[in-house]
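The values are calculated or read from the model by the stated rules, or taken from the named source; none is laboratory data. Predicted, not measured: the structure shown is a model, and the values here were computed from it. As a convention, Cβ positions derive from the backbone with ideal geometry for all residues, glycine included, and neighbour counts pool all protein chains shown.
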Amino acid sequence: MYSIVTVKDVVRIPPAQFGSPIEDAALLHLRKQHENVLDRDIGLMIAVIGIDEIGHGRLMPGDGATYHAVSYRVLVFKPLRHELVEGNVVELMDFGAFIRMGPLDGLCHVSQICDDFITQDSKGNTLLGKETGRTLAEGDMVRARVTSISFESGNKSGKLGLTMRQPFLGKIGPSRSWIEDDVKAARGETKKDKKKKKK
């Protein structure tokens with residue numbers, strides 16, 4: 001999901017910065033142009049880490065700036081389809097839950113939250129499973145799988161589709177973890193079994 005990528009590009013250094021060290025001026029412009037920008041192939045460029053190589057400057061007619069070929073390293077966030085991710089529920093709507101995973105949010109549609117009929121409570125701050133009794137509220141930590149990715153180059157946000165409907169996905173944490181329930185069900189442990197053990 002997070003990785004360091006080497007990128008090749010051309011950077012424009014304006015005449016006002018000719019007195020500065022060339023790498024400092026180039027790094028300043030690369031950070032302004034590329035940080036927090038989505039690239040369809042690379043992902044979300046979080047931070048320009050450093051410059052590996054910078055070429056000699058070239059002049060363009062009618063422009064006093066110099067143009068330099070550069071090779072630089074970028075910290076990127078790029079989710080992959082079918083990858084497991086963990087994040088916090090940041091917003092609930094009647095159509096689904098928005099989940100924040102690092103620098104991006106993904107949508108888990110109500111049909112993908114769990115294998116149950118989901119309704120939103122009257123206050124709008126919890127989603128409820130009719131038969132399972134599972135609840136999802138803002139702030140809950142969840143584990144989900146990425147099902148779809150839509151990035152458009154140049155934007156600061158993309159669209160991520162998520163599912164929690166598969167076994168061992170869903171709410172995790174101290175209060176009624178769906179995953180713990182799935183593990184107990186896979187082992188054949190039920191509430192009835194626990195009552196028998198107590199006797």
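Evaluation of H82 against the conditions (1) in contact with a Ser or Thr (Cβ under 6 Å, 6 or more places away or on another chain); (2) on the phi > 0 side of the Ramachandran plot shows that the sole unmet condition is (1).
Checking each residue of segment 23-33 against the condition of being touching a residue at least 24 places away in the same chain (Cβ under 8 Å), part of a strand (DSSP E or B), over 30 Å from T147 (Cβ atoms) and not acidic (D, E) gives no match. So which residues in segment 171-198 are at pLDDT 85 or above and not charged (D, E, K, R), if there are any at all? I172, the sole residue that qualifies. When segment 78-110 is filtered for residues that are over 14 Å from R145 (Cα atoms), under 13 Å from the mean Cα position of the chain (by Cα) and among the small types (G, A, S), only G102 remains.
Residue check: H109 meets all listed conditions (1) touching a Lys or Arg at 6+ places or on another chain (Cβ under 8 Å); (2) under 30 Å from R187 (Cα atoms) but one, namely (1). Set side by side, the residues G133, G106, G139 differ, and just one is assigned to a loop (DSSP other than H, G, I, E, B) and more than 15 Å from I179 (Cα to Cα), which is G139. Only one of the listed residues (I46, I99, I51, I118) is surrounded by 14 or more Cβ atoms within 10 Å (Cβ to Cβ), without any contact (Cβ under 8 Å) to a residue 24 or more places away in the chain and of a type outside the set (F, W, Y). That residue is I118.
The condition (being modelled with pLDDT under 90 and closer than 30 Å to L162 by Cβ) is satisfied by just one residue among L59, L44, L75: L44. Please find, within segment 111-129, the residue that is nearest to V146 (Cα to Cα) out of those that are assigned to a loop (DSSP other than H, G, I, E, B) and not acidic (D, E). Step by step, filter segment 111-129, then rank; the result is I113.
For segment 72-88, name all the residues that are buried (at least 20 other Cβ atoms within 10 Å of the Cβ) and free of Cβ contacts under 8 Å to residues at least 60 places away in the same chain. Scanning segment 72-88 gives a single hit, G87.
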